[in-house]
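Below: the structure, in structure tokens.
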Amino acid sequence: MKVSLAELKQMYKPKLKPIIWDNDNNVLTLLDQSALPFETTYVNLKTPEEIASSIKLMKVRGAPAIGITAAYGMVTALTSSSISTLDEAIKSLNNAKKVLDKARPTAVNLSWATSNMLTKANEAINNGEVKNVKELIDLLKSEAKKIFDEELDAELQMGIYGLEKINDGDTVLTQCNAGGLATGTGLGTALAPVKVAQALGIKVSVIAPETRPWLQGSRLTVYELMTEGIPVTLISDTTVGLVMYKNMVNSVMVGADRILSDGHVYNKIGTFKEAVIAHELGIPFYALAPMSTFDLKNTVNDIVIEERDPDEVRTVRGVPIAPPGVKVYNPVFDVTPPKYVSGIITEKGIIYPPYDKNIRKVIEK
Ligand SMILES: CSC[C@@H](O)[C@@H](O)C(=O)COP(=O)(O)O
């Protein structure tokens, strides 16, 4: 079934609003994802430090969502203290970028967004587009909104391209939460084709692994899909192989935190295992991501895989499940080599191997 971006915008309205910016009072409100699905609470943030801390504590998480959040974090660098000159403003933006970029290292969208905001500010000052701090703040507010709006359009477009890979009655296996909570728009990347399919009356269901240790699958993906009325089955992470072996899965669709120019895909821990099993069993494995997730500069050796608090593994939401003090290794992302990736679905189209040639071709077109 074919649908245009304009038609889809009429048909599909996201139900969740994880990121809300109050333009009059310069307050960023986040739906606290660390409390979901048990409590629906919001945090109000006014400074880059508060925003960085919320990213670190995963009140907001997911690559595009932390990018959008950080973009508004850059705005608050100028609205939360009294800055009177453009020189002071640039100094404050540079400091905020350092604070925000440090919050989480693996998803490239974060530093992509802060760099974007800083570059925009420098350019506008240098070419005379802004003449004072008030004009700079207005410009950066509209830049942050543009990042949000373009993300939503990119996801709708990914949903349209991803539809090519979905047939009526399909079941899609995912990993983590690469839905609208993870992107801040309410739609998502990996879940976009599923949501678009459902909006068009095509029946699709999702299998969501719980995604230990933080449980993005059981807490967030299940919550999000149930909110949208999309059938979802929760499995433990250890069930991934069996559901594929038993032909219960037609395709695997995951998000990404960073995609390198040769097609290495960084995503939530457990993704690599899904990709290898899918490859072995002949099930197509797709990564879905907007342009802001591509990193054409770095190679595998440069990328830091975030390691989080060992207590995330020793406990489940505060309840001990292992002897106290046991040594723990808790990397929260892994990297899937290109040979296991059947296609990368972006807003500019689907990229197929050989990735070392085709990624640049698509991005630079
Ligand atoms: C559209 S989100 C893509 C990825 O950011 C997502 O799959 C993921 O790994 C999120 O990890 P998280 O640690 O929850 O921020």
- Query: Where both residues lie in the range 167-363, what percent of DSSP beta bridges are antiparallel, nearest 5?
  - Reply: 45
- Could you tell me what percent of the DSSP beta bridges with both partners in the chain are antiparallel, to the nearest 5? 55
- Query: How would you classify the chain from its alpha-carbon gyration tensor, with a ≥ b ≥ c the square roots of the eigenvalues: rounded for a/c under 1.5, else prolate if a/b is greater than b/c, otherwise oblate?
  - Reply: prolate
- Item | HN-Hα J in Hz across the range 355-365 - Karplus 6.51, -1.76, 1.60, θ = phi - 60°, x for Gly and Pro | 5, 4, 9, 6, 5, 4, 4, 6, 5, 8, 7
- Query: Hey, which aspartates and glutamates would be in cross-link range of LYS2, C-alpha to C-alpha under 12 Å, not counting anything within fewer than 8 residues on its own chain?
  - Reply: GLU164
- Label the range 167-363 by shape, choosing from rounded, prolate and oblate, from the square roots a ≥ b ≥ c of the eigenvalues of the Cα gyration tensor; if a/c is under 1.5 it is rounded, and otherwise prolate applies when a/b is larger than b/c, oblate when it is not. oblate
- Message: Show me, for the range 8-18, the HN-Hα J-couplings you get by feeding each phi into the Karplus relation (A = 6.51, B = -1.76, C = 1.60, θ = phi - 60°), rounded to Hz, glycine and proline as x.
- Response: 5, 4, 6, 7, 10, 10, x, 8, 9, 10, x
- Note on the structure: Along the range 139-155, Karplus-curve 3J(HN,Hα) (6.51, -1.76, 1.60; θ = phi - 60°) to the nearest Hz, with x for Gly and Pro, reads 5, 5, 4, 6, 5, 5, 5, 5, 4, 4, 4, 5, 5, 4, 4, 4, 5
- Task: Using a 10 Å cut-off on Cβ atoms, rank the peptides 188-197, 99-108, 143-152, 297-306 from the highest mean neighbour count down.
- Result: 188-197, 99-108, 143-152, 297-306
- Message: Which residue fluctuates most in the GNM of the chain (Cα springs below 10 Å): ASP22, ASP257, ASP153?
- Response: ASP22
- Find the lysine pairs in the range 132-245 meeting two conditions, Cα atoms under 21 Å apart and a separation of 8 or more places or different chains, and report how many there are. 5
- Note on the structure: The set of residues whose placed amide H lies less than 5 Å from the amide H of LEU234, leaving out same-chain residues fewer than 5 positions away, is ALA208
- Query: Per-residue ellipticity at 222 nm for the chain, helices alone: DSSP H runs ≥ 4 residues times -39500 (n - 2.57), over residue total, nearest 500 deg cm²/dmol?
  - Reply: -12500 deg cm²/dmol
- Message: Cut-off under 22 Å on the C-alpha distance; same-chain residues fewer than 8 positions from LYS297 excluded. Which lysines are left, in chain and number order?
- Response: LYS97, LYS98, LYS102, LYS120, LYS268, LYS339, LYS348, LYS357, LYS361, LYS365
- Query: Relative contact order of the chain: what whole-number percent is it, with Cα pairs under 8 angstrom and at least 6 residues apart?
  - Reply: 16
- Largest fluctuation, ASN250, ASN126, ASN26 only, Gaussian network model of the chain with Cα springs under 10 angstrom, belongs to ASN126
- Task: Tell me which residues come under 5 Å, amide H to amide H, from MET58 once H is placed; ignore anything under 5 positions away on its chain.
- Result: none
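We did not get these values from a lab; they are worked out from the coordinates using the rules stated. Note that the structure is predicted; figures quoted are calculated from it, not measured. Neighbour counts run over all protein chains shown; Cβ positions are idealised from the backbone, glycine included.
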